1. Which residues does the label zone of Glu115 cover in the range 1-19, counting backbone N under 19 Å from a point 7 Å along Cα→Cβ?
2. Probe radius 1.4 Å, ligands and nucleic acids ignored: give me the carbon and sulfur share of the accessible area of the chain as a rounded percent.
3. Can you compute the modelled spin-label distance between Met134 and Arg169, with each label point 7 Å from Cα toward Cβ, in nm?
4. Given a 1.4 Å probe and the protein chains all in place, what does the accessible area of His111 round to, in Å² to the nearest 10?
5. Provide the per-residue ³J(HN,Hα) series for the range 30-36, in order, calculated from phi with Karplus coefficients 6.51, -1.76, 1.60 and θ = phi - 60°, each as a whole number of Hz, with x at glycine and proline positions.
6. Quick one: if the Förster radius is 35 Å, what FRET efficiency do Thr39 and Phe4 give, using the C-beta to C-beta distance and rounding to 0.05?
7. Starting from the range 56-94, pick out the trypsin sites (Lys or Arg not before Pro) whose DSSP state is loop and whose Cβ has at most 11 other Cβ atoms within 10 Å.
8. Only one of the listed values, (1) 11.3; (2) 12.2; (3) 9.9, was derived from the coordinates as mean projected area of the Cα convex hull in nm²; which label is it?
Amino acid sequence: MVQFIKASNLYDFNFATASYAYMNKYPNPFAKHVQSSDTLEQYVDDSGMLRTTKLVVKRGLLPLFIQPFLGSSLDSWIMEKTVIDPKSGIMWAYCSNVDHRKFIKVEEYLHYTSEGPRTHIESKVKLSSNFAGMKERIEMWGHRRFQKNMSQSQEGLKYVMNKFKQRMRQEAWKI
């Protein structure tokens with residue numbers, strides 16, 4: 001059975017800060033599992049939207065029941081596509097693993113919207129497995145793990161937003 005997760009958060013940071021933090025979220029102390037993050041493509045299209053494609057490599061521990069097949073840890077390659085519309089204060093992001101999809105496929109859809117001095121972030125996640133005989137068990141494990149990791153991700157984003165805000169205050173003193 002395919003698993004779904006939905007989450008919604010409101011941050012006390014404006015859209016410019018929140019979208020900047022998303023695009024620069026690694027490294028941060030809440031994402032020690034991230035091995036690398038590389039920008040493959042970035043450009044502003046004809047309508048003024050910033051389009052970015054990144055490749056992120058993450059390392060994760062695997063559950064005991066799957067270790068005989070895949071080992072105790074696994075590096076996973078994540079493709080991240082982002083579109084930022086600075087005029088309307090909206091950002092869309094799609095993230096999905098490009099490897100190990102038979103074991104588990106994770107797709108995350110993010111939607112950032114400006115709400116004046118705050119930013120609303122909506123997240124939808126779809127987890128599915130095609131691993132014969134263990135499909136439901138893997139999907140349930142993935143669901144629990146992703147929910148647990150969401151709070152770490154939120155803390156990491158807040159950390160980057162606060163660091164950015166601090167840096168902007170320091171730069172203002174220099175002017």
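The values are calculated or read from the model by the stated rules, or taken from the named source; none is laboratory data. These numbers come from a predicted model, not from an experiment. Here the Cβ positions follow ideal geometry from the backbone for every residue, glycine too, while neighbour counts run over all protein chains shown. To get the accessible areas, we keep the full protein, side chains included, count just its heavy atoms, and leave off ligands, DNA and RNA. Shrake-Rupley method; radii C 1.70, N 1.55, O 1.52, S 1.80 Å.
1. Output list for this probe position: 6-19.
2. On the way: 5690 of 10360 Å².
Carbon and sulfur atoms account for 55 percent of the accessible area of the chain.
3. 4.8
4. 60
5. Result, ordered by residue: 9, 10, 5, 7, 7, 7, 7 Hz.
6. Values: r = 29 Å, r/R0 = 0.84.
It comes to 0.75.
7. Numbers: sites: Lys58, Arg59, Lys81, Lys87; in loops: Lys87.
Qualifying residues, ordered by number: Lys87.
8. (1)
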